[in-house]
Amino acid sequence: MLGNHELMNLIGDWRYVSAADYAAFAAEESAAERATAFAAFVVRQGGGDEAAARRLFDERYPPGYFARHRAFAPGGRYGTWLLSLPAIVVVNDTAYLHGGRSEEHTSELQSLRH
């Protein structure tokens, strides 16, 4: 089922992504891809000290960042799969969903029973 953390990955909210998660995608990211992204980053930063820009870039975009982004994008291998998951599953008279339901959706859930 699709839960809040899966949705967060789909929309690029990576507050809970660890360094190990990024590192798991590092092999799928080419040096050329990182070099292109770094060059664009330096331009956005307005130039300046390249060593400082590199440290900041690597902090914000650790190895694996761009490959992970591709994988979890709506058309990526994980994003496509996540979008295929239901947000709610009804089995007999029981609705299963991540985190529970709000009162405003009670009638919608009851209509799924029949």
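The values are calculated or read from the model by the stated rules, or taken from the named source; none is laboratory data. The shown structure was predicted, so the numbers you read here are calculated from the model rather than taken from an experiment. Cβ placement follows ideal geometry from the backbone for every residue including glycine, while neighbour counts extend to all protein chains displayed. What goes into the accessible areas is simple: the full protein's heavy atoms, side chains included, and nothing from ligands, DNA or RNA. Shrake-Rupley method; radii C 1.70, N 1.55, O 1.52, S 1.80 Å.
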222 nm [θ] for the chain, helices only, -39500 (n - 2.57) per DSSP H run of 4+, per residue, to 500?
-> -15000 deg cm²/dmol
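Just to confirm the filter: which trypsin sites (Lys or Arg not before Pro) across segment 1-90 are DSSP coil and have at most 15 other Cβ within 10 angstrom of their Cβ? Could the numbers behind the result be given before it?
Values: sites: Arg15, Arg34, Arg44, Arg54, Arg55, Arg60, Arg68, Arg70, Arg77; in loops: Arg15.
Here the sparse-neighbourhood loop sites are Arg15.
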Toward the positive end of the charge dipole of the chain, about the Cα centre and with charges on Cβ (Lys, Arg +1; Asp, Glu -1), which of Gly46, Tyr65, Ala87 goes farthest?
-> Gly46
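So, with a 1.4 angstrom probe, what is the percent of accessible area on the chain that is carbon and sulfur?
On the way: 4300 of 7640 Å².
Roughly 56 percent, rounded to a whole number.
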Evaluate the charge dipole of the chain about its Cα centre and quote only its size in Debye, nearest 20, assuming +1 on the Cβ of each Lys and Arg and -1 on the Cβ of each Asp and Glu.
-> 200 debye
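Report the rotationally averaged projected area of segment 28-95 based on its alpha-carbon convex hull, in square nanometres.
Details: hull surface 25.8 nm².
Computing the convex hull of the Cα atoms and averaging its projections yields 6.5 nm².
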Extent along principal axes [Cα atoms of the chain; Å; largest to smallest] = 63, 26, 21
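Pop out the Kirkwood hydrodynamic radius of segment 4-51 from its pairwise C-alpha distances, inverse of mean 1/r, in Å to one decimal.
On the way: mean 1/r = 0.0769 Å⁻¹.
Answer for segment 4-51: a Kirkwood hydrodynamic radius of 13.0 Å.
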Around Val90, which amide H atoms from residues at least 5 apart in sequence, or from another chain, sit under 5 Å from its own amide H, with H modelled in the peptide plane?
-> Tyr96
Using a cut-off of 14 Å between beta-carbons, work out the net charge of the residues near Arg60 (Lys and Arg +1, Asp and Glu -1, Arg60 not included).
-> +4
